[in-house]
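The values are calculated or read from the model by the stated rules, or taken from the named source; none is laboratory data. The shown structure was predicted, so the numbers you read here are calculated from the model rather than taken from an experiment. Positions of Cβ are backbone-derived with ideal geometry, glycine not excepted, and every protein chain shown enters the neighbour counts. Side chains are part of the model used for accessible areas, which takes the heavy atoms of the whole protein and leaves out ligands, DNA and RNA. Shrake-Rupley method; radii C 1.70, N 1.55, O 1.52, S 1.80 Å.
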Amino acid sequence: MNTRFLFPALLALVTILRWLWLAPQDLTPTGAYLALCGYSPSVAYFDGPGGAAVCTALGTRWAGAGALGAALLWPVFALLATVALYHLVAPLAGPRSATAAAVLLNLLPAFNTAAVNPTCALPLTLCALAFAGCAWRALDAESLAWWFAAGLCAAAGLLFDYLAWFFLPALLVVMLSSHRWRARLRGPGFWLAALTPLAVFTWLLAWNAGHSWVHFISGTWQTATTLRLSALPSALSAASAGASPLVLVVLAAAVLFGLREARTSRQAKFLALPAVLAALIALYLALRDEPASAAGLAAAALALPLLARLPVPPLLFAAVWLSAAVWGAVTLASHRPAAPSITPAVVREIESLRTAQADGSSAPVFLIARDAALASALALHLPDTSFVAPGHPPVYVVESPHADSQYALWPRYDQFVEAPKPAEEDAPDPFTEQDGANPFIGRSALYISAQTPDQLPQAVTAAFAAHRLLAEITAPSGEILRIYLCRNYETLPL
């Protein structure tokens, strides 16, 4: 085979293998939740920007409600990220170094994990690499088209994760630190690149303004500045597991060497400073006990081009690639997908119980689940959702004043809505305020949970006139799901 086509062929093969890996697996609760969110497309949801949710929903519509459907686009994101890394490194260090960096990226366990799980980590990394490649060409060729393309990459990153905010500031620092590039800030290029991300960020802020600023109210100045140093060993251990120990050491050495060269080399400066900023963000998140996998993967990917500048013997590079391959193979072999708690067969049993409890009233029995993950998994496998009220989720979570998922922003069964306006002849007092009404009052529901009868929450025991254990279903995971019939919803007492 012609070597020109060998690299694309290998990328296609790896993408197909990732799809084959996903095909026999069941839908995870996280994938179900993202897909259910994405079925109502929005720029954002309770948990953050909406890109991952919309992409997950598209995959489940095209390939079904399974692991393959939920993560259908992520192997494609992995392919595009590999191509973006190749085209970032090729003009800086040549095609051979670009191919080596692209291969090493696909050997990293963290990258392979992100390639088969619908999270924001891989799209963020793809956008970071594409932004860097476009920005380098914009600086090198003084091209407004490349500046605009860089802005589009940053804007796309913001649609998946707020962490994409660091793309433009990192580039600004690089330009300010270079006498030659500093003068470019007087031109329109960088500011043109900033327009599209600014528009997307404004869109996200507008969404937050209409939803009580849910993305920004969970933290305070104290939580933002409180770092738990005892989390550092576990953070380093997670980084080592995600990149393999030897690769992590070599990447750190490459970044340090790049920082040393940054005084005299624009290329080293352009590559090292964004990688350092991404690594610092990942460290900060880890010390705050927040998920740092997205920032960590972006930092590792941005550091890979620096390996071409590291003055080490070829034998050491061969050892790095070999250790990454072995580490990745062992990690992959040790991974065993967990058996699901919700499958189509389980949902069919629950649905037959629901239809059997129809009491002759016009209002059908509705479904309540213990939490958002269980509710989402049930909802995605329901064969018929005709009983669901328009705009409502197919399965509700148990009512609670605590908002912890998108279900808090969707219509709920405990909500009061404005009652129909009475006829003029039936409203003798024009100053009487109109009452609210809850259309679920008096209706029955099935509550699905693993909780035993003595563990039921007050939102079930006190909000319904009566409840009883209707059935127990043993899920493939071994978990026992208990189905409770709850009659005559009355709302929680004050």
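A crude spin-label estimate for the pair Asp404 and Leu17, with each label 7 Å from Cα along the Cβ direction, gives 3.9 nm. Per residue, the average separation of C-alpha pairs within less than 8 Å and at least 6 apart gives the chain a relative contact order of 13 percent.
Label separation (Arg468 vs Ala183): 8.7 nm, computed from points 7 Å beyond Cα along the C-beta direction. Against the criterion of solvent-accessible heavy-atom surface with a 1.4 angstrom probe, Arg309, Arg443, Arg260 sort, most first, into Arg260, Arg309, Arg443.
The phi-based Karplus calculation (6.51 cos²θ - 1.76 cosθ + 1.60; θ = phi - 60°) puts the 3J(HN,Hα) values of region 255-263 at 5, 5, 5, x, 5, 5, 7, 4, 5 Hz, whole numbers, x for Gly and Pro. Could you give the distance between the Cα centres of region 43-86 and region 184-218, to the whole Å? Between the Cα centre of region 43-86 and that of region 184-218, the gap is 23 Å.
Averaged over its residues, the chain has an accessible area of 49 Å² per residue, based on protein heavy atoms and a 1.4 Å probe. Distant-in-sequence amide contacts of Arg443, defined by a placed amide H-H separation under 5 Å and a gap of 5 or more residues or a different chain, comprise Tyr489.
Using a probe of 1.4 angstrom, how much of the accessible area of region 1-153 is carbon and sulfur, in percent?
69
Shape class of region 124-222 from the Cα gyration tensor (axes a ≥ b ≥ c, square roots of the eigenvalues): prolate, since a/c reaches 1.5 or more and a/b is larger than b/c. Only helices enter the 222 nm calculation for the chain: every DSSP H run of n ≥ 4 contributes -39,500 (n - 2.57), and dividing by all residues gives -17500 deg cm²/dmol, rounded to 500. Distant-in-sequence amide contacts of Leu470, defined by a placed amide H-H separation under 5 Å and a gap of 5 or more residues or a different chain, comprise Ile483, Tyr484, Leu485. From the C-alpha coordinates alone, can you work out the Kirkwood hydrodynamic radius of the chain, in Å? Radius from the Kirkwood sum: 25.3 Å. Only protein atoms count toward the accessible area here, which uses a 1.4 Å probe; on region 178-322, the carbon and sulfur part of that area reaches 71 percent. Report Trp191's accessible area, 1.4 Å probe, all protein chains in place, as a number in Å² to the nearest 10. The value for Trp191 is about 130 Å². Along region 293-307 the Karplus relation, 6.51 cos²θ - 1.76 cosθ + 1.60 evaluated at θ = phi - 60°, assigns HN-Hα couplings of 5, 5, 5, x, 5, 4, 5, 5, 5, 6, 7, 4, x, 6, 4 Hz to successive residues, with x for each Gly and Pro.
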